[in-house]
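The values are calculated or read from the model by the stated rules, or taken from the named source; none is laboratory data. Everything quoted here is computed from the prediction, not taken from an experiment. Heads up, the Cβs are rebuilt from the backbone with ideal geometry, glycines too, and the neighbour counts pull from every protein chain shown.
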Amino acid sequence: MLAFAEALARIAAGGGGPQALAGHLASVLDAAVLIEDAEWRHLALAGTGDRSVPPSVRELLPRDISDASDGVGLSAPADARARAFPIRAGEARLGWLSIFPATGNLDGKHGLIRLTAASVAVELSRDNGGSKGRRRSFWDRLLARAYDDPIEAREDATARGIVLAPGYVAVAIEGEGLDEATASQKNAEIRRVCLDTLGSRTGDVVVIERGGGFLFLVPAPHEVDAQNARTAATLIPRGITRAGIDVKIVGGVGQHAEMLRVAQSVDEAREALTIARRMFGGARVMPHDDLGVYPLLYRGGGNRAEWEAFANRVLEPLRGYDEKHQTELVRTLRLFFDVGQNIKVAAASLNVHRHTVFYRLRQIAEIGGLDLDSPHDQLTLRAAIAIDALGG
Amino acid sequence: MLSAVKDGAAARREILKTAKERGVRYVRLAFVDILGIEKNIVIPGHELERALGGHVTFDGGSIDGFVRGEEIDMVLRPDPATFAILPWTPDGSTEARVLCDIEMPDGTAFEGCPRSTLKRVLEDAGDVVSRVRTALEVEFYLFNRLADGVPTTQALDNGSYFDFSPSDRGDETRTAIVNALEAMAISVSSAHHEHGAGQHEIDLSATGALATADHLITVRGVVKHIADQHNIHATFMPKPVESQAGNGLHVYFSLGDVDEAVRLHAIAGLLEHAPGFTAICNPTVNSYKRLVAAWDAPIYTVWSHRSANALVRVPPTNEGPPLIEVRSPDAACNPYLAMAVLVESIAEGIRSRALPGDPFTGSTYELSEKFRNERGIVTLPKSLRAALTELDRDIIVRGALGDHIYHAFRDAKIAEYERYRRVVHPWEHEAYLRTY
């Protein structure tokens, strides 16, 4: 226990943050460790290996969590041995630290977990002090959707020396597989490269460091600024490589959001990060816009209206083109999938030359901004076509 | 042109040897003024060695935009890499031509020399840009002449894109032009009939930016000369016929195997400085009658992979790194200055790591004002005067030109615009004479 506490102190002194603390606990317990804050924002995830870990324990906690100091069990689909421990600072609950054991159970290990939760609490509390803390608290409130009135938000920001942009794009970045010995230094390098790459002509990029990862809010007054922020974010992995930093990063980019709705962009960025890690193997930064059907699948499906909105988003550019140019791109795409992506059969069904089918598929790819050779984009298009057909 | 360019003494020796072997009787020492008009001084072949040593001078005060109000001897410094035997012999004698830089009597580069200006920009542009390779698509019309030789705007044919008409005089003339260019070691990648009746295009293979600008000077001269031999009038005038496509000069840049981010920065630099470089790349009042929403001429600072009327196009490619095509310039430009401002725009985009927004799909002519505002898309200047105002505002483009050329060019073009503005045009008679 003493050695464990000393290790936590070393990590905290080195600026390792929640991610490094989670990593240490995961290695000691041979378990996956998930840390979330009070607003259920992802702060750290470690020790997952091949294990499946829910993106959040929010829905898995028992109803009565009044006395949870020794942890609470989680409901299915989590493993019955999984437990969540509150992260407390005095009476305030700052978040949850959840453990998913690979082997055995957590008997006799609650002390280690509570020590780690206390260290995380110190980290989170420290982030909220001083002038930096005051600015940070503004962004925390904004991201917690605490403002309804833009004027109030602007006045609050001005009082803290913050100049707000009309809109932002959120970029979430995490280093992958960082070990505690070098995490602090590598995180500093990641932060530098990210800021260098995202550097905005339209204002200061806001950096929020949390859970071993970074959240960047890039000012984007106009759509072109948002487009450039997305492009710049996707260039970050190359910047990391070019800078000679031996670390893989994964990231996500949210959509362009008005200032008051920046939390939405943050949620999308985090969702995109998780999908990039799980579906695209990490080592890349994925814009939420480019994820096709995956966000809906990740959330466990949506309601009919959400699915139809998704299908419309995908097919609308093609329909618009068809209407304007009297073409048959949507019909061609549907037939192409119906016949198992066989160009020859599709051409015969459409009564056109197969070169025409190739040409139309190129048009579809260009107009839709999709790659028809990519299985991910194929899934998106297939899903959109299917939803469209099912919707009648 | 010498296929293997050598520096200094070796190159000079090779030229002298070639000139002797080919019996060169006269050599044209060619240079361009600030407006890009080719000038030359003819020397006998036996004076070539002295010329190569930089001992031929001319009165700089007699050239527009060079030095004002004073007479000053300026030095012609031939560039051996541009030496070429002219593939025609007006009186049976062999002539050669060599392009020259202009130096001050003390041997320093003259800051009003367009060719030296491009060299300076390339030297200062950084590794990636100084090694840039460039190619051109040059468009021009071939028109009939009247019996007394006066040119008309009557086309030689009614052809359109890629039409093949073996009996056509235009086709014969274009083939003769390509033969002449190849004889002068200018590599032509293709030649074909263009969209307009009597309009043709010659595409030059990729080479260095300086050589490309040199080649355009040669192409303009060769096209005019060969057409003249066929009793045809050739013109690079940007918009010679209202109802037909204008003459463009599409410039391709290959940055080689660079990071994709660098290419995006370059595109952004071109888009950002397009309003500023338009006066240089589209330097006549007539240029702006081409830059209208018709015939796929670009009018907005938009980039695209496929759109035919985008300002910058990056066509999909199956082999090699993507090329960046700039579609706004016309062949009335001073090619050295045009290349200098385009290269500097690319270099500045890379230096500032600018990004260009997402590529556009479709026809740019239908962009709403709201869409353009949201995406930072601006309209290219609609007149020479507006373009000069944009030039005044763009310190990057002005910096590429240098103070001397900027002021001389600006003065000349404002005077040109004012002359145009005072003329009562036939359209005004048609529209107003009976109405008012």
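Structure summary
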{"quantity": "Selection status of A:ARG304, more than 23 Å from B:THR361 (Cβ to Cβ), among the charged types (D, E, K, R) and either within 14 Å of chain B (Cβ to nearest Cβ) or surrounded by 14 or more Cβ atoms within 10 Å (Cβ to Cβ) (or both)", "calculated": "no"}
{"quantity": "Any hit, the stretch A:302-322, residues being at positive phi, at pLDDT below 90 and either more than 31 Å from the chain's Cα centre (by Cα) or not polar (S, T, N, Q) (or both)", "calculated": "no"}
{"quantity": "Every pair of residues 6+ apart whose Cβ atoms lie under 9 Å, when the first sits in the stretch A:246-264 and is farther than 20 Å from A:ARG145 by Cα while the second is part of a loop (DSSP other than H, G, I, E, B) and of a type in the set (Val, Ile, Thr)", "calculated": "A:ASP246/A:THR182; A:VAL247/A:THR182"}
{"quantity": "Qualifying positions in the stretch A:132-160 - at pLDDT below 85 and either assigned by TED's automatic domain parsing to the domain that holds A:LEU260 or closer than 19 Å to A:GLU209 by Cα (or both)", "calculated": "A:LYS132, A:GLY133, A:ARG134, A:ARG135, A:ARG136, A:SER137, A:ARG160"}
{"quantity": "Qualifying residue in the stretch B:299-316 (condition: over 28 Å from A:ILE236 (Cα atoms) and over 22 Å from the mean Cα position of the chain (by Cα))", "calculated": "yes"}
{"quantity": "A:LEU235 being within 17 Å of A:ARG270 (Cα to Cα) and either within 13 Å of chain B (Cβ to nearest Cβ) or surrounded by 24 or more Cβ atoms within 10 Å (Cβ to Cβ) (or both)", "calculated": "no"}
{"quantity": "Top-ranked residue of the stretch A:204-232 - restricted to ones that are part of a helix (DSSP H, G or I) and among the acidic types (Asp, Glu), ranked as farthest from the other protein chains (Cβ to nearest Cβ)", "calculated": "A:ASP225"}
{"quantity": "Residue that is nearest to B:ARG120 (Cα to Cα), among those in the stretch B:408-436 that are surrounded by fewer than 19 Cβ atoms within 10 Å (Cβ to Cβ) and within 20 Å of the chain's Cα centre (by Cα)", "calculated": "B:ARG410"}
{"quantity": "Criterion violated by A:GLY129 - all others in (1) modelled with pLDDT under 85; (2) under 25 Å from the mean Cα position of the chain (by Cα); (3) small (Gly, Ala, Ser) satisfied", "calculated": "(2)"}
{"quantity": "Strands (runs of 3 or more DSSP E) completely within the stretch B:1-105 that count 1 or more residues being modelled with pLDDT of 90 or more, over 24 Å from the mean Cα position of the chain (by Cα) and of a type in the set (Phe, Trp, Tyr)", "calculated": "B:24-32"}
{"quantity": "Candidate set from the stretch B:264-300 (those that are touching a strand residue (DSSP E or B) at 6+ places or on another chain (Cβ under 7 Å) and not β-branched (Val, Ile, Thr)); member that is surrounded by the fewest Cβ atoms within 10 Å (Cβ to Cβ)", "calculated": "B:TYR300"}
{"quantity": "In the stretch B:366-389, the residues that are in contact (Cβ under 8 Å) with a residue 12 or more places away in the chain, within 13 Å of chain A (Cβ to nearest Cβ) and assigned to a helix (DSSP H, G or I)", "calculated": "B:ARG372"}
{"quantity": "Test: residue in the stretch B:391-399 that is away from chain A (no Cβ under 13 Å), part of a helix (DSSP H, G or I), β-branched (Val, Ile, Thr) and surrounded by fewer than 22 Cβ atoms within 10 Å (Cβ to Cβ)", "calculated": "yes"}
{"quantity": "Boolean, B:GLY357 is crowded, with 20+ Cβ neighbours inside 10 Å and within 13 Å of another protein chain (Cβ to nearest Cβ)", "calculated": "yes"}
{"quantity": "Exclusive hit being more than 14 Å from chain A (Cβ to nearest Cβ), within 21 Å of B:LYS413 (Cα to Cα) and of a type outside the set (Asp, Glu), set B:GLY208, B:GLY248, B:GLY256, B:GLY221", "calculated": "B:GLY248"}
{"quantity": "Filter result for the condition that a residue is closer than 24 Å to B:LEU35 by Cα, in contact with a helix residue (DSSP H, G or I) (Cβ under 6 Å, 6 or more places away or on another chain) and of a type outside the set (A, V, I, L, M, F, W, C), over B:PRO283, B:PRO329", "calculated": "B:PRO329"}
{"quantity": "In the stretch B:328-353, the residues that are farther than 17 Å from B:VAL132 by Cβ and surrounded by 21 or more Cβ atoms within 10 Å (Cβ to Cβ)", "calculated": "B:SER328, B:ASP330, B:ALA331, B:ALA332, B:CYS333, B:ASN334"}
